[in-house]
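Have a look at the structure below, then the notes.
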Amino acid sequence: MEENNKESEQLFTIEPLVQKEEKPTATLTATPTRRFSSRSRRPSGQPQRPQTQPAESARRPESGQQPRRSPRPRNRYGAPRSRLAGERRLPPTQIHQGRIGTPEGVDMSKEDTLKIIPLGGLGEIGKNMYVVEYRDDIIVIDAGVMFPQDNMPGIDFVIPNTKYLEERKQNIRGLILTHGHFDHVGAVSYLQDKLGHPDIYTAELTKRFVEKRHVEFSHLPKLNFHVVKHGDKIKFGDYLEAEFFHMNHNIPDDLAVIITTPWGTFMHTADFKFDPNPMNDRPADLRRLKEFGDRGVDILMCESTDAEEEGHSLSEQTIFENMDKIFKDANGMILAGTFSTMINRMQQMVQLSEKYGRKVIFDGYSIKTNIEIAKEMGYIKLAKGTQIPMEQVDNYPRNRITVIATGALGQESSSLMRIINQDHRHLRVLKGDSVIFSSSVIPGNERSVQYLKDGLYRAGARVYHYQMMDIHAGGHAKKDDLRQILDLIRPKFLIPHHGHYSMMVTLGDLAVKEKGMPPENVIIADNGKIIHFTKDRWWFDKIQAPANYIMIDGLGIGDVGNVVMRDRQVLAEDGMFVIVALLDTRTGKVKGSPDIISRGFIYLKENKDMLMQVRRRVRAIIESKSMLPEANAAYLKDEIRNQIGLYLFQQTERRPMVLPVLIEV
Ligand SMILES: [Zn+2]
């Protein structure tokens with residue numbers, strides 16, 4: 001009997017995938033309610049969320065007839081509340097059965113293996129971070145952010161979990177940054193302290209971008225940079241040596257890394273495409289790449305973002321010609337939404353603006369700072385008088401202006417979004433304007449981007465996006481580029497990275513079917529997997545490094561865990577209910593009538609009776625308990641939260657976040 005009970009209890013428990021320490025999120029003396037989260041933490045006796053309809057929730061399942069699935073939180077319409085990104089469970093991987101744990105005949109106490117550990121960037125686009133470890137030497141490659149998805153309200157960024165590295169930070173010999181895109185460098189400032197302020201090895205432009213961003217973290221010490229360039233070789237610790245190799249991407253100064261280790265050579269491609277006509281740049285040295293292949297590369301970690309795309313990645317020259325057509329046809333203002341690191345795309349727009357007699361305005365803080373850096377380094381070339389400040393926009397006819405702004409992702413506060421929402425101080429979209437989105441939509445952001453697009457069509461603008469014109473035309477290797485790198489390098493093992501699962505598998509398939517790689521030599525991993533290598537074999541460690549999302553909301557790092565996200569969902573779906581009461585600590589009585597503030601829950605004016613009841617109950621709760629020996633502010637607030645929460649649920653079938661504020665006088 002006992003056994004049975006335990007089992008059914010387990011069925012009902014959804015263990016959060018990630019156990020985050022909980023911190024109160026609200027200010028004042030209030031603490032947010034957590035009990036609505038329908039987690040195992042819920043104190044007994046709390047109401048269950050209604051299952052499909054309120055009427056049905058009264059009908060409990062017969063005993064012994066347990067529902068098979070764990071109850072999922074529901075919103076007020078009875079639909080399942082959207083699952084938080086951090087809670088999503090990945091279905092188990094079938095690809096590498098039998099590859100987990102030390103293989104037979106291997107004695108790990110004697111074995112020295114090379115370890116490759118992806119902490120971010122696998123099965124996703126963003127927050128790239130890869131660890132190369134041999135004995136006491138660790139090299140970290142990239143420290144990027146991921147842009148939040150639609151189900152992460154109020155989150156600015158997601159960064160990798162670096163617990164594995166924090167426990168070994170004395171072994172970190174260096175952090176290598178492949179290029180200046182935020183999904184590769186955006187987390188540097190957030191993580192440098194946790195990683196023990198490692199020396200950073202990167203190219204000049206990347207260094208300047210990261211340095212510029214780091215200025216916002218004035219409380220942190222300076223970053224220790226070592227500028228490296230194509231061909232440089234650097235020894236990291238006793239066992240690892242890295243060589244840097246110039247690749248083409250849609251940002252200058254892109255570096256692949258080739259690391260020699262006691263167990264052979266490891267190569268990380270960075271983001272790349274093969275481009276015979278790059279922008280303000282020289283093509284990658286294919287002869288040298290082939291030399292690496294001839295000498296033997298054992299492990300190739302190759303990007304897979306565009307592995308599902310046929311053909312060759314477009315040359316920057318072709319993209320330029322496509323954009324030329326847009327500029328030629330435009331007879332209103334041209335507004336281009338882009339990332340602040342899309343230096344090549346911005347240079348092309350500058351060049352075309354000059355060709356068609358347009359002035360250029362850069363808008364958005366990050367674009368403006370990055371443009372200054374790129375100008376200094378000669379990656380952005382502007383004729384004198386081309387760039388004008390925003391204040392002068394009205395001094396020229398609309399068809400003589402190009403605005404390059406942030407906001408290709410539909411971010412709420414971006415310059416492009418403000419223009420569309422009519423919140424921008426100087427600019428409006430008018431009929432006849434042309435709007436160019438010069439980057440592809442990052443999956444998860446489709447809805448925001450659709451909103452942005454609709455807003456533009458509503459205003460009568462012509463909209464060009466990457467699918468129509470191939471103006472983003474990734475900086476990423478398509479099938480032909482991937483075939484080419486596999487031919488040049490001919491690796492023994494292949495680890496696809498920088499892609500969703502389907503992309504990684506597609507790259508693996510290509511290597512197996514077309515290039516004759518043995519399928520068991522293609523490693524489709526997940527973030528957190530520790531991959532061991534010896535000369536001829538590889539396996540996953542039984543242990544995994546933590547690799548959950550660490551969310552940043554502009555206030556602090558990692559203090560936005562699932563608890564906070566859940567709070568935000570409750571706020572978004574059922575609103576909040578604040579009760580402010582004055583407690584006379586001498587008499588234990590409530591002074592005056594408690595104040596009630598509610599947002600997004602009910603319309604107060606139409607619910608006067610219920611509010612009277614709430615006030616009466618609050619008073620009764622406080623006055624019956626305030627003189628108890630265990631009574632303190634926290635205890636009283638808990639009582640109010642639980643009892644009023646229950647009462648409101650009974651009255652409305654909704655669960656607002658109840659925030660009691662007790663002021664002792
Ligand atoms: Zn990139």
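The values are calculated or read from the model by the stated rules, or taken from the named source; none is laboratory data. Remember, it's a predicted structure, so these values are computed and weren't measured experimentally. Glycine also receives a Cβ, built like all others from the backbone with ideal geometry; neighbour counts cover every protein chain displayed.
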Test for T202: is it under 22 Å from G475 (Cβ atoms), in contact (Cβ under 8 Å) with a residue 24 or more places away in the chain and of a type in the set (S, T, Y): yes
Hits in the range 615-656 - residues which are in contact with a Phe, Trp or Tyr (Cβ under 7 Å, 6 or more places away or on another chain) and of a type in the set (A, V, I, L, M, F, W, C): L648
Flag for K163 being free of Cβ contacts under 8 Å to residues at least 60 places away in the same chain, away from the ligand (no atom under 16 Å from the Cβ) and not aliphatic (A, V, I, L, M): no
Failed criterion for K115 (all others in (1) more than 16 Å from the ligand (Cβ to nearest atom); (2) buried (at least 24 other Cβ atoms within 10 Å of the Cβ) hold): (2)
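Collect the residues in the range 214-264 that are polar (S, T, N, Q) and either buried (at least 16 other Cβ atoms within 10 Å of the Cβ) or within 16 Å of the ligand (Cβ to nearest atom) (or both), keeping them in residue-number order. Break it down into steps so the answer makes sense when it comes.
Start the filter on the range 214-264 by keeping residues that are polar (S, T, N, Q), which leaves 218, 224, 248, 250, 260-261.
Residues satisfying the conditions are N248, N250, T260, T261.
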Any pair with Cβ under 7 angstrom, 6 or more apart, that starts in the range 649-665 at a residue that is without any contact (Cβ under 8 Å) to a residue 24 or more places away in the chain and ends at one that is surrounded by fewer than 21 Cβ atoms within 10 Å (Cβ to Cβ) and among the aliphatic types (A, V, I, L, M): none
Filtered residues of the range 158-172 (kept if surrounded by 22 or more Cβ atoms within 10 Å (Cβ to Cβ) and closer than 11 Å to G196 by Cβ): T162, L165, I172
Residue list for the range 210-232, restricted to those being in a loop (DSSP other than H, G, I, E, B), of a type in the set (A, V, I, L, M) and touching a helix residue (DSSP H, G or I) at 6+ places or on another chain (Cβ under 8 Å): L220, L223
Answer residue from the range 367-384, given it is touching a helix residue (DSSP H, G or I) at 6+ places or on another chain (Cβ under 6 Å) and free of Cβ contacts under 8 Å to residues at least 60 places away in the same chain and is nearest to N344 (Cα to Cα) among those: I380
Whichever residue in the range 268-301 is within 14 Å of the ligand (Cβ to nearest atom) and part of a strand (DSSP E or B) and, among such residues, is nearest to I116 (Cα to Cα): H268
Condition broken by G645, with the remaining ones in (1) surrounded by 15 or more Cβ atoms within 10 Å (Cβ to Cβ); (2) in contact with a Lys or Arg (Cβ under 6 Å, 6 or more places away or on another chain) satisfied: (2)
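Working carefully through the options I343, I371, I326, I361, find the one that is within 16 Å of the ligand (Cβ to nearest atom) and among the hydrophobic types (A, V, I, L, M, F, W, C).
Numbers: I371 fails: within 16 Å of the ligand (Cβ to nearest atom); I326 fails: within 16 Å of the ligand (Cβ to nearest atom); I361 fails: within 16 Å of the ligand (Cβ to nearest atom).
Answer to the check: I343.
Being assigned by TED's automatic domain parsing to the domain that holds I361 and at pLDDT 95 or above narrows it down to one residue among I420, I404, I380, I388; which is it? If you could, list the steps in order and put the result at the bottom.
Details: I420 fails: at pLDDT 95 or above; I404 fails: at pLDDT 95 or above; I380 fails: at pLDDT 95 or above.
That would be I388, the only listed residue that is assigned by TED's automatic domain parsing to the domain that holds I361 and at pLDDT 95 or above.
Just to be sure, is R345 out of contact with any strand residue (DSSP E or B) (no Cβ under 7 Å at 6 or more places or on another chain) and either farther than 30 Å from I524 by Cβ or touching a residue at least 40 places away in the same chain (Cβ under 8 Å) (or both)?
Details: out of contact with any strand residue (DSSP E or B) (no Cβ under 7 Å at 6 or more places or on another chain): no; either farther than 30 Å from I524 by Cβ or touching a residue at least 40 places away in the same chain (Cβ under 8 Å) (or both): yes.
The answer is no for R345.
Could you count how many residues in the range 485-523 are among the aliphatic types (A, V, I, L, M), under 21 Å from Y549 (Cβ atoms) and assigned to a loop (DSSP other than H, G, I, E, B)? Give the steps one after another, and end with the answer.
Start the filter on the range 485-523 by keeping residues that are among the aliphatic types (A, V, I, L, M), which leaves 485-486, 488-489, 494-495, 503-505, 507, 510-512, 517, 522-523.
In the following step, the residues that additionally are under 21 Å from Y549 (Cβ atoms) were identified as 503-504.
Cutting the leftovers down to assigned to a loop (DSSP other than H, G, I, E, B) gives us none.
Matching residues across the range 485-523 total 0.
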Complete set of residues in the range 603-650 that are assigned to a loop (DSSP other than H, G, I, E, B) and either of a type in the set (A, V, I, L, M, F, W, C) or farther than 20 Å from D574 by Cβ (or both): S626, M627, L628, P629, E630, A631, N632
R447, sole failed condition from (1) more than 16 Å from the ligand (Cβ to nearest atom); (2) modelled with pLDDT of 80 or more: (2)
The range 166-180: number of residues that are within 11 Å of the ligand (Cβ to nearest atom) and of a type in the set (G, A, S): 1
Unique match (being within 16 Å of the ligand (Cβ to nearest atom) and either in contact (Cβ under 8 Å) with a residue 12 or more places away in the chain or in a loop (DSSP other than H, G, I, E, B) (or both)) among D193, D183: D183
I557 being of a type in the set (A, V, I, L, M, F, W, C) and modelled with pLDDT under 80: yes
Residue within the range 205-213 that is away from the ligand (no atom under 16 Å from the Cβ) and surrounded by fewer than 17 Cβ atoms within 10 Å (Cβ to Cβ) present: yes
